Each structure stands twice: as structure tokens, then as C-alpha cells.
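The values are calculated or read from the model by the stated rules, or taken from the named source; none is laboratory data. Please read these numbers as outputs of a predicted model, since none were measured by experiment. Quick reminder, even Gly has a Cβ in these numbers, built from the backbone with ideal geometry, and neighbours come from all protein chains shown. Note: areas computed on protein heavy atoms with side chains; ligands, DNA, RNA excluded. Shrake-Rupley method; radii C 1.70, N 1.55, O 1.52, S 1.80 Å.
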Amino acid sequence: VGNYKRTVKRIDDGHRLCNDLMNCIHERARIEKVYAQQLTEWAKRWKQLVEKGPQYGTVERAWCAFMSEAEKVSELHLEVKSSLMNEDFEKIKNWQKEAFHKQMMGGFKETKEAEDGFRKAQKPWAKKLKEVEAAKKAYHAACKEEKLAISRETNSKADPALNPEQLKKLQDKVERSKQDVLKTKEKYEKSLKELDNATPQYMENMEQVFEQCQQFEEKRLRFFREVLLEVQKHLDLSNVASYKNIYRELEQNIKTADAVEDLRWFRANQGPGMSMNWPQFEEWSADLNRTLSRREKKKASDGVTLTGINQTGDQVSQPNKHSSSLSVQSNTVQSVQSSYNPFEDEEDTGSTVSEKEDNKIKNVSSYEKNQSYPTDWSDEESNNPFSSTDANGDTNPFDEDTSPAMEVRVRALYDYEGQEQDELSFKAGDELTKMENEDEQGWCKGRLDNGQVGLYPANYVEPIQ
């Protein structure tokens, strides 16, 4: 009696399982969205780095094909996220609303109907069972009383002090207890027989209500199976034609990379095949604007006066001054590649993977294709750009042994617009990384967060505490 509550509880569990399945799908959709965003950000960042980097020709296009692949795959995963939320999630939500109806007093209508059905089917049989238990209890009590009366009678026969009248009373009690045993036994057997006769009808009524609960649960189980199959179809990108085409196209782009073609292009545009500007005789002209090299400009003046400095932080500009000026020294320093190797194995430095990845991206390369090369040349060994070991390939720009001094994060105090190609430009408040300490002329080498490396005035920044 009362064990039908396990079946009734299954209805409430079905409603809760709908919520669990919706939460499960919602979390997966969020993962798909985050992954798609990360692919897009990765593709955008690396596409810029490769386009600005030293790679060229067909191999560059093959490399960039990976970024195109990431963008297309990102779109597919966004479609997966949309399908999970707009189709599967909403389908479960609507089915749950139609299958379970909440009552004003709490609980669900389906739960109450099932419980009332079981209780109604069990009530007659439960009543007869209660009568059987009472008859059984009375019969057992009569048997106990009979045994006690017989024991007293037996003991009294052995007692000579007991008069015949008392003995007669004990014998009458034994007789009455025997009659009570027969009477309660008959009643017990009768109630038990009635219970047995009511059992088939009881089982039929209970099974009828139980079958209704089974049918309700069957609908939920079949619906869950249907939804899970749809989720599987949405997640399975291997059967999506466009997904296969992405990697077929990627393979084709990689196979089109031609080393011979790239070497021929480099020879024609950057090597002996390029158009030459051989020196020719030129007449002197007063109107000819002579282009000063940076080194000559710095010799002509002890410094450069910069106006319109924007101050940040605690340095507030004076209201009576329309502009402030600052004289800074300049220095001719060629920009060099960052010595950071983005492909080296990560060491256990306590930082998270994402932090390491961000640091790698910032330090990949400051080399740009349009980087200008110095036109000055000299026979002296110290000024010969081809005399260093770099020309023979002895120096690896990705080797940690050639890393510069300790890098320090600094914040710009003023706006600065680079005057030369090897100078950085930044706004007041921007953060960058100082790679080398101040030289004797007041210039530092630093790196912006976009990877660009160059020079800047040392007194334009302050360390970040």
C-alpha cells in the first residue's frame, strides 16, 4: 500500500529532466559560440601578422588559407549554436509546457491525476487488508490467551490447597478461550478469503492507472530520443557538405604553393631582376628639394621641439598656457626583430595557457614587408650590413639566448607621432613594453601591443606600478 508513489514521482522527475536537458543544450550552445568567437579572433590576428610579416608569394597565400578556414568553420559553429537554441532548446521548452500543466496550489495536474487514480484503485483493497490485519491480531491474541489458560489449569491440578470451585473456574476459562480461538480463526480466514477475492480486481484497477503513467512516460522517452537525434545532426559537421568543402579547398590552396614561383618572384622584385636606379649625372638646381637623412637632420639641430603635448594622470595642464614644449634628443637606431620564439615549448611559469598565448601573439614579429632599408653604405667593417654573422645565418632571431634586456611595461604620458619609420606612434594613456633602456641621447626601444617594434622618447612614458 502506498508504493505507487514511486510511479507518481516519475512524472515530477520527467519535468525536471526536461529542464536538465535544456540546460545541457544551452551550455553546449555557449561553448560553440565561444569557440566560434575565438576562431574569428585568431584568424583576424594572424592574418594581419602574416600579411605584414616577411612571408611572400604562394606560400603566404597557403598560410592565409588557414585563417580563411577558421573564419568559415567559425560560421558553421555559429550555425550549430543557433540550431541548438532556436530549434532544439525551444522544442523541449514547448513540449514541456504542453505535457505538464501547473496547478494553482502547486504541483502538476498530471501528478495529481495519477495519485488520485492509484488511491481510488487501492482504497477498497486497502480497507480489506486492514480488516485482515485486525482479524489476524485478534486470532493471535486468542491463541495466546488459550495457551496461558491451559498452563494455569495444569499447574492448579498439582496444587492440593486449591478447592474444586476454583479448579472449575480455570477449566471453564480454558473452554472459553478455545471457543474464542475458533471464532477469531474463522473470522481471520473469512477476511483473508475476501481479500484474496478482491485482489484480482485490485490488480486490474492498479495496472490500468499504472499503464496510463507508462504511456505518459513513453511519450517523454520517445520525445527525448527524437530531440537527442536532432541535436546529434546539428553537432555532426562531418555530414555537412560545406564543411568538407572547406578542407578540400584548404588542401588545394596549400598544394598551390610553389617554391620555384616564389623564388622567381623574389628575384624579379627584390633581387637582381628588379629595376635598377643606377646613378646618373644630374644638373644642380636651386629648386631641388634635398632630402635629409635622419642622421643629417639630427646633426643640424640639437633637438626637436614638440608642441601640443596632451598630459594624463596627475599632470594637469596649466590654463594660462596654450601649449607646452619639450626638447628631446633623437638617435638613429634601426628597428630589429623581436627575439621571441612563438613556437618554443611552454615552460611551467605559473601563467595560464591563455596568458602565454596572448604574450606570444604580441611578440611574434615586428617585421613588415614595406620596411625600408638603409641606403647608406661604407667600406668600413663596422658599417657593413653584410659583415655580421646574421648574413651567414649564424644568429637565430627565435633563439632565447639573443633575447634583449628585461622587458618592462610602461604607460604613455603624452601623444607622440613617429617622425621616422623606425619610431613608434602612440596616444597618451596607451601601454607598451620597453625592450631596451634609455640610450645616451634619450631614446628607448619598445614594442606596442600590436607587435610593432621601434623607438620612442624615454621621457614620454612612465613605468606601470
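Subtracting the Cα-Cα distance from 0.36 nm times the residue separation, let me have the gained length for residue 24 to residue 431 in nm, one decimal.
Values: separation 407, 0.36 × 407 = 146.52 nm, distance 4.10 nm.
So the chain would gain 142.4 nm between residue 24 and residue 431.
What number, in percent, do you get for the relative contact order of region 409-463 if the mean sequence gap of Cα pairs under 8 Å and at least 6 apart is divided by its residue count?
Working: 116 pairs, mean separation 20.6, N = 55.
Relative contact order of region 409-463: 37 percent.
Output the pairs from 33/72; 128/183; 33/91; 112/190 with a Cα-Cα distance over 24 Å in this structure; if there are none, say none.
Working: 33/72 14 Å; 128/183 19 Å; 33/91 20 Å; 112/190 35 Å.
Cα-Cα > 24 Å for 112/190; rest within.
So what's the net charge close to residue 75: Lys and Arg +1, Asp and Glu -1, counting the other residues with Cβ under 13 Å from its Cβ? If you can, show how the numbers build up before the last one.
On the way: positive: 33, 72, 81; negative: 32, 69, 71, 79.
So the environment of residue 75 carries a net charge of -1.
With each label point set 7 Å from Cα along the Cα-Cβ vector, what nm distance links residue 148 and residue 239?
7.8
Taking the Cα of residue 268, stepping 7 Å toward and past its beta carbon, and measuring to each backbone N in region 44-71: which are under 14 Å?
Those under the cut-off are 57-58.
Using 0.36 nm times the number of residues separating residue 275 and residue 189, minus their current alpha carbon distance, what extension gain do you get? Show your work: numbers first, answer last.
Numbers: separation 86, 0.36 × 86 = 30.96 nm, distance 12.05 nm.
Here the segment from residue 275 to residue 189 would lengthen by 18.9 nm.
Expressed as a rounded percentage, what relative contact order does region 135-242 have, with Cα pairs under 8 Å and six or more residues apart? Can you show the working numbers first?
Numbers: 39 pairs, mean separation 34.1, N = 108.
Reported relative contact order: 32 percent.
Report the calculated FRET efficiency for residue 226 and residue 261 (r = Cβ-Cβ distance, R0 = 60 Å), to the nearest 0.05.
Numbers: r = 54 Å, r/R0 = 0.90.
Plugging the Cβ-Cβ distance into 1/(1 + (r/R0)^6) gives 0.65.
How big is the Cα convex hull of region 202-272 in projection, averaged over all directions, in nm²?
Numbers: hull surface 30.5 nm².
For region 202-272, the mean projected area of the Cα convex hull comes to 7.6 nm².
Note down the nm distance, to one decimal, between modelled labels 7 Å out along Cα→Cβ at residue 159 and at residue 465.
Taking the simple label geometry, residue 159 and residue 465 are separated by 10.6 nm.
Determine the dipole magnitude for region 122-173: charges of +1 sit on the beta-carbon of Lys and Arg, -1 on that of Asp and Glu, nothing else is charged, the reference point is the Cα centre, and the result goes in debye to the nearest 20.
For region 122-173, the charge dipole is close to 460 debye.
Report in % the part of the accessible area of region 409-463 that belongs to carbon and sulfur, leaving out ligands and nucleic acids; probe 1.4 Å.
Working: 850 of 2390 Å².
Answer for region 409-463 is 36 percent, counting heavy atoms of protein chains only.
Counting only protein heavy atoms and using a 1.4 Å probe, what share of the accessible area of region 48-147 belongs to carbon plus sulfur, as a whole percent?
Working: 3440 of 6240 Å².
C and S atoms contribute 55 percent here.
How do the peptides 452-459, 258-265, 131-138 rank, highest first, by the average count of neighbouring beta carbon atoms within 10 Å per residue?
Details: 452-459: 20.4, 258-265: 13.0, 131-138: 15.9.
Per-residue Cβ counts within 10 Å, averaged per peptide and sorted highest first, yield 452-459, 131-138, 258-265.
Spin-label point model (7 Å from Cα, Cβ direction): what's the residue 127 to residue 16 distance in nm?
3.5
Exceeding 18 Å between C-alpha atoms, which entries from my cross-link table qualify? They are 144/168; 144/185; 9/219. Walk me through the intermediate numbers first.
Working: 144/168 21 Å; 144/185 13 Å; 9/219 16 Å.
Over 18 Å Cα-Cα: 144/168.
Before I look further, what does region 109-209 give for accessible area per residue, probe 1.4 Å, in whole square angstrom? Write down the numbers at each step before the final one.
Values: 7490 Å² over 101 residues.
The answer is 74 Å² per residue.
Taking each pair of distinct Cα atoms in region 409-463 once, what is the resulting Kirkwood hydrodynamic radius in Å? Don't skip to the end; give the middle numbers.
Values: mean 1/r = 0.0930 Å⁻¹.
The answer is 10.8 Å.
Given a Förster distance of 25 angstrom, what is the FRET efficiency for residue 56 paired with residue 249, based on the Cβ-Cβ distance and rounded to 0.05? Could the numbers behind the result be given before it?
Values: r = 22 Å, r/R0 = 0.87.
The computed FRET efficiency comes out at 0.70.
Kindly give the semi-axes, whole Å and largest first, of the ellipsoid equivalent to region 109-209, taking each as the square root of 5 times a Cα gyration tensor eigenvalue.
Values: eigenvalues 464, 25, 11 Å².
Sorted largest first and rounded, they come to 48, 11, 7 Å.
Quick one: length gained pulling residue 219 to residue 134 fully straight, 0.36 nm per residue minus the C-alpha distance?
Details: separation 85, 0.36 × 85 = 30.60 nm, distance 4.30 nm.
So the chain would gain 26.3 nm between residue 219 and residue 134.
Could you tally the net charge around residue 16, taking each other residue with its Cβ under 11 Å from the Cβ of residue 16, Lys/Arg +1 and Asp/Glu -1? List each step's numbers first, then the result.
Numbers: positive: 9, 10; negative: 12, 13, 20.
Summing Lys/Arg as +1 and Asp/Glu as -1 gives -1.
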